[in-house]
């Protein structure tokens, strides 16, 4: 085979803009901020979530291509010295898919896929429906509720606990742990470390219990892979359980909460969905695009200088992919600021893309569909119980979710 020299990297044609992103403005109007940045240029030098410089990618085609670019590593060891300063987790929780590249990523993802089967997800459909009905039974007599605290939060926690095989008597306040890690309170800097210690102790005990008495659950299946085939390290096993809890809860609670608010804020779309329930599957895709649970994808680190949107990003620096910017890019989604439940929103990136596409995507979709269907069927007069401007969002650049969603029935 002839020795073909590698093609030269394209010359940068667009200079990156140094942009200040005001956290308060971003919290108040994230889509407006990302639209301004997207229109100003495809790549911006900003202050990242850890307070250090990062490169923000704003346009759909660039974001989608970056998801699939093997030179953009998830492994923190590729971060430049003195660069990325994200949350420090112990090895027993840090050896997860969000920090891995192939071949380790491929090995572990394949094993999880073997345990996290379509049959297992399908088997959760009726339990999810029963849980949704039971949660709505509890709030219906009151005529009003905070849907995050009473419904969108408890539903995914129950599902994840059922999936992992957490006994009912051992189910803890997982929401306080995830809040402490993903949207930490700056006035209580020790809460994140405390949450990490508590979760580490919890999963250590849970895995020991499952080893002693295996059951028909995902964690027992993963332990069998670890112990029988020796293809998972103990840290990888523990980190997988941690990631399933965090990702399975965090994304789904905000997907359900944001979707409900979007429908209540667009009564014509809500009416169309009530009139034609068969639209629900496509509506969930559009709702995930319109106001998804993650404005930013997990950070990445170039293993070599890369050109994104005509801008050269040096090796080792932090790259942030703006899902919020990509999902409102008019070059991909016409009239992107308009919610349209009949839109073909396939191709959205709310659940990832390429080798990092979310393994739990079918479960998240199923939970959201059931949660919305049960809610709309039960409460034909569902409405916000406060003015929209009174709603409070969690103070996070990485996670978009409501602190509460007061409604009346």
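For segment 134-288, relative contact order (Cα pairs under 8 Å, six or more residues apart, normalised by length) works out to 26 percent.
Normalised by the number of residues in segment 17-408, the mean separation of alpha-carbon contacts (under 8 Å, six or more apart) gives a relative contact order of 28 percent. Ranked by the mean number of other Cβ atoms within 10 Å of their residues, highest first, the peptides 134-142, 60-68 fall in the order 60-68, 134-142.
In this calculation the C-beta distance from residue 172 to residue 40 is compared with R0 = 41 Å, giving a FRET efficiency of 0.35. Using only DSSP helix segments of four residues or longer, with each worth -39500 (n - 2.57), what per-residue ellipticity at 222 nm results for the chain after dividing by its residue count and rounding to 500? Helix-only estimate at 222 nm: -14000 deg cm²/dmol. For segment 92-147, evaluate the Debye formula with one uniform point scatterer on each Cα (no solvent term) and list log10 I(q)/I(0) at q = 0.15, 0.24, 0.25 Å⁻¹, rounded to two decimals. Those come out to -0.69, -0.91, -0.94, one per q.
For segment 281-409, averaging the sequence separation of C-alpha pairs within contact (under 8 Å, six or more residues apart) and dividing by the residue count gives a relative contact order of 28 percent.
Available extension along the chain between residue 344 and residue 361 is 4.3 nm, counting 0.36 nm per residue and deducting the alpha carbon span. Listed peptides 397-407, 252-262 appear in the order 252-262, 397-407 once ranked by packing, highest mean of other Cβ atoms within 10 Å at the front. Take each peptide in 203-209, 161-167, count the other Cβ atoms within 10 Å of every residue, and average; sorted highest first, the result is 161-167, 203-209. Fully extending the segment from residue 408 to residue 276, taken as 0.36 nm per residue of separation minus the present Cα-Cα distance, adds 45.2 nm.
Here the simple spin-label model places points 7 Å from the Cα toward Cβ, and for residue 265 and residue 130 these points are separated by 3.6 nm. Taking 0.36 nm per residue of sequence separation and removing the Cα-Cα distance, the residue 337/residue 204 pair yields an extension gain of 43.4 nm.
Coordinate-derived values only; no laboratory data. What you see is a predicted model; the values in this text were computed from it and never measured. A quick note on method: Cβ atoms are made from the backbone with ideal geometry, for glycine too, and the neighbour counts reach across all protein chains shown.
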